[in-house]
Amino acid sequence: MPSSGSESIAVIGAGVSGCAFIAQLRRLGYTGALSLWETGRGPGGRASTRRSRQDHGLRIDHGAPLLNITGATEPLLLQPLLAGGWIEPWPGLIAQLQGEATLRPDQADALGLGQLYRGRGGMDHLCKGLLSLAGEAGEAWQPHYGTLVRHLDWKDGLWQLLDREGELLGQAHWLVLCSTLLAHPRSRQIFGWEEVPLKQAAERLGDLRLEHALTVIAGIRAEARSNLLVLLEAAAAGPWASLPFSLLHFDAAAQQRWGLQRITIQPLSDGRCAVVAHSSHSFAADHLDVYGTHSAVARMLQLPPDEGREDTVIAALTNALEQVMAPWLPGLNLATADRQLMRWGAAFPLAPGLPSELSCCPSSRVGFCGDFIAGVGFGRIEGALRSGEQLAHELCALA
């Protein structure tokens, strides 16, 4: 497929990798039709920002709190994002909690290494910036937000994107998956699907490369996270803003003790403060069937209500947060604070991931990008960004 080709591409997933893929593809001169399909209300994926149409001052980065670059060379899209004012250096303080309550300032986990950046005005501006580099929505690429692609099919040389009733949503010459949801067996385990959508569609194609990729993807394990979002009014926000850290991560012993992995403190422009507590994997694994009332996928799939289990999870995470913060905020009581639950079913893929040489399957016209692709930044935003760039170059290089 030459860079000036006219073949269409359907990109499923508006996270960092999907948006980076579209941006780099257009920067390389590709002129074919591009469509972007996303279950959420906008781009971002795990780098999303919780906002409200009724509360314009609300801004909670409930997934990734920052972007860090550790590779010897920068991603190609980093400087354009900085120049456009979409991202900026992250100015926060990092500390590590060890064991019961030993604080080690300036001790960082993998998320705190290298060059640190954040979305200017919210982490979702990272993906918004990437899409701005691709051109105007509706002209350079077609957005389809709030849309769940449930089934896939191959017909007459085109990939068919179908909804949960099997009705056609769209079609394209190429299919790019920016997460493993439609290709991994966990979709059957978590959602009760009878089949893995891409695996079922691929059975008729006879593409050994794609079958190999799907076998590897099926073996990728991922850790879940249950995230507690707390919104504090201005009167209660002051002590949080004065803490000796804005990003607190937990070592293995502390995670086992408290059931938490990370806490981020996010002051808002109107004086309020958002606090996000990410659970440990073991805690989330015990509550995989609790999606949270704000889960777009659960709502679209019409999954059964959790019968009060969400309140139980929120209470458990709140209790852990109150106890952890007791040395700095004695007597903390969050019972009256605005609290919500956000669950990521596959927040962190575990190594080794999908080898980059299997990320593009020309015979079946399928591509993969995301933080589950092996390489620099694996499991982080950096890996998602780099994989999107790499796949764009591979597709443009195909004759």
| query | Of the residues 229, 260, which is closer than 25 Å to residue 47 by Cβ and either in contact with a Ser or Thr (Cβ under 7 Å, 6 or more places away or on another chain) or not assigned by TED's automatic domain parsing to the domain that holds residue 290 (or both)? | reply | 260
| request: Among what's in segment 131-189 and is of a type in the set (Gly, Ala, Ser), more than 21 Å from residue 392 (Cα to Cα) and touching a helix residue (DSSP H, G or I) at 6+ places or on another chain (Cβ under 8 Å), pick the residue that is surrounded by the fewest Cβ atoms within 10 Å (Cβ to Cβ). | output: 146
| Scanning for something farther than 21 Å from residue 109 by Cβ and either at pLDDT 95 or above or surrounded by fewer than 22 Cβ atoms within 10 Å (Cβ to Cβ) (or both), does segment 245-256 turn up at least one residue? | no
| said: If I ask for residues that are assigned to a helix (DSSP H, G or I) and without any contact (Cβ under 8 Å) to a residue 40 or more places away in the chain, which ones from segment 326-368 would you list? | reply: 356, 357
| remark: Conditions (1) of a type outside the set (D, E, K, R); (2) part of a loop (DSSP other than H, G, I, E, B); (3) without any contact (Cβ under 8 Å) to a residue 60 or more places away in the chain -> residue 205 fails only (3)
| Looking at segment 158-179, is at least one residue hydrophobic (A, V, I, L, M, F, W, C), within 24 Å of the chain's Cα centre (by Cα) and farther than 14 Å from residue 366 by Cβ? | yes
| task | State whether the residues of segment 369-379 include one that is at pLDDT 95 or above and either outside the structural domain of residue 25 (by TED's automatic domain parsing) or assigned to a strand (DSSP E or B) (or both). | result | yes
| Which of the residues belonging to segment 132-167 are at pLDDT 95 or above and aliphatic (A, V, I, L, M)? | 133, 134, 137, 140, 149, 152, 158, 161, 162
| field | Answer from 149, 216, 176 - the residue that is part of a strand (DSSP E or B) and either at positive phi or in contact with a Gly (Cβ under 9 Å, 6 or more places away or on another chain) (or both) | value | 176
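The values are calculated or read from the model by the stated rules, or taken from the named source; none is laboratory data. Just so we're clear, the structure is a prediction, and the values are computed from it rather than from any experiment. We place every Cβ from the backbone using ideal geometry, glycine too, and count neighbours over all the protein chains shown.
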